[in-house]
Amino acid sequence: MQVTRNKVATVAGPSDWFTGAVFIDAVAAPSGDARLSASSVHFTPGARTAWHTHPNGQTIFVTEGIGLAQRRGGAIEVIRPGDRVFFEPGEHHWHGAAPKRFMTHLAMLEVDEKGNPATWGDHVSEAEYAAAPSVEDA
Ligand code: MN
């Protein structure tokens, strides 16, 4: 048994992987054969991930605010607290906050045999992001 006390610093999301200000708190870290990785990810308004994939897929569970999520080739979905989204292994996608709202989600995945959680691609452009439906209409 190992207790990790609530004194670990919140980490800023690196600009290679995110647009805008994003902050990450660790929830579960892979260890030995256990591959579970979980994070609480806090997106400021307009902030989002870059396009990326996860080797074993990912579930996100929205806990606060209003967010957006999209798989490549699909429509942008508005997501709200209590919504969960599963991204298939290897599916290109992004997730983040709505333009004028904060959004926090739990992100849960299993890393691959090398400990890799994700493969990162291009940033979501302003034009791609602007295609989101209005949160008032969704
Ligand atoms: Mn993801």
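The values are calculated or read from the model by the stated rules, or taken from the named source; none is laboratory data. Every value quoted in this text rests on a predicted model; they were computed, and no experiment measured them. Cβ sites come from the backbone with ideal geometry, for glycine too, and all protein chains shown count toward neighbours.
Would you point out the residue of segment 74-103, among those that are over 19 Å from Ala47 (Cβ atoms) and either among the polar types (S, T, N, Q) or out of contact with any Ser or Thr (no Cβ under 7 Å at 6 or more places or on another chain) (or both), that is surrounded by the fewest Cβ atoms within 10 Å (Cβ to Cβ)?
Gly82
Restricting segment 53-68 to residues that are within 10 Å of the chain's Cα centre (by Cα) and within 11 Å of the ligand (Cβ to nearest atom), which is nearest to Asp25 (Cα to Cα)?
For segment 53-68, the residue satisfying everything is Ile60.
Quick one: is Gly82 modelled with pLDDT of 95 or more and either away from the ligand (no atom under 12 Å from the Cβ) or part of a loop (DSSP other than H, G, I, E, B) (or both)?
Values: modelled with pLDDT of 95 or more: yes; either away from the ligand (no atom under 12 Å from the Cβ) or part of a loop (DSSP other than H, G, I, E, B) (or both): yes.
Yes.
Pairs needed: first member in segment 55-79, in contact (Cβ under 8 Å) with a residue 40 or more places away in the chain; second member anywhere, assigned to a strand (DSSP E or B) and exposed (fewer than 15 other Cβ atoms within 10 Å of the Cβ); C-beta distance under 7 Å; at least 6 residues apart or different chains.
Every condition considered, the pairs that remain are Gly57/Phe86; Thr59/Arg84; Thr59/Phe86; Ile60/Arg84; Phe61/Arg84.
Give the residues of segment 104-120 that are in a loop (DSSP other than H, G, I, E, B) and surrounded by 15 or more Cβ atoms within 10 Å (Cβ to Cβ), sorted by residue number.
Restricting attention to segment 104-120, the residues satisfying the condition of being in a loop (DSSP other than H, G, I, E, B) are 111-118.
Selection gives Val111, Asp112, Pro117, Ala118.
Among the residues of segment 126-135, are any among the β-branched types (Val, Ile, Thr), modelled with pLDDT under 95 and more than 10 Å from the ligand (Cβ to nearest atom)? Quick ask: steps written out before the conclusion?
So the first thing to find is which residues in segment 126-135 are among the β-branched types (Val, Ile, Thr), and the list is 135.
From what's left, modelled with pLDDT under 95: 135.
Narrowing the set further to residues that are more than 10 Å from the ligand (Cβ to nearest atom) leaves 135.
There is at least one residue in segment 126-135 that is among the β-branched types (Val, Ile, Thr), modelled with pLDDT under 95 and more than 10 Å from the ligand (Cβ to nearest atom).
Within the bounds of segment 92-103, is there any residue that is within 24 Å of Ser37 (Cα to Cα), within 13 Å of the ligand (Cβ to nearest atom), more than 13 Å from the chain's Cα centre (by Cα) and not in a strand (DSSP E or B)? Full working, then the answer.
Within segment 92-103, the first condition is being within 24 Å of Ser37 (Cα to Cα), and the residues that meet it are 92-97, 102-103.
Of the ones still in play, those that are also within 13 Å of the ligand (Cβ to nearest atom) are 92-96.
In the following step, the residues that additionally are more than 13 Å from the chain's Cα centre (by Cα) were identified as none.
There is no residue in segment 92-103 that is within 24 Å of Ser37 (Cα to Cα), within 13 Å of the ligand (Cβ to nearest atom), more than 13 Å from the chain's Cα centre (by Cα) and not in a strand (DSSP E or B).
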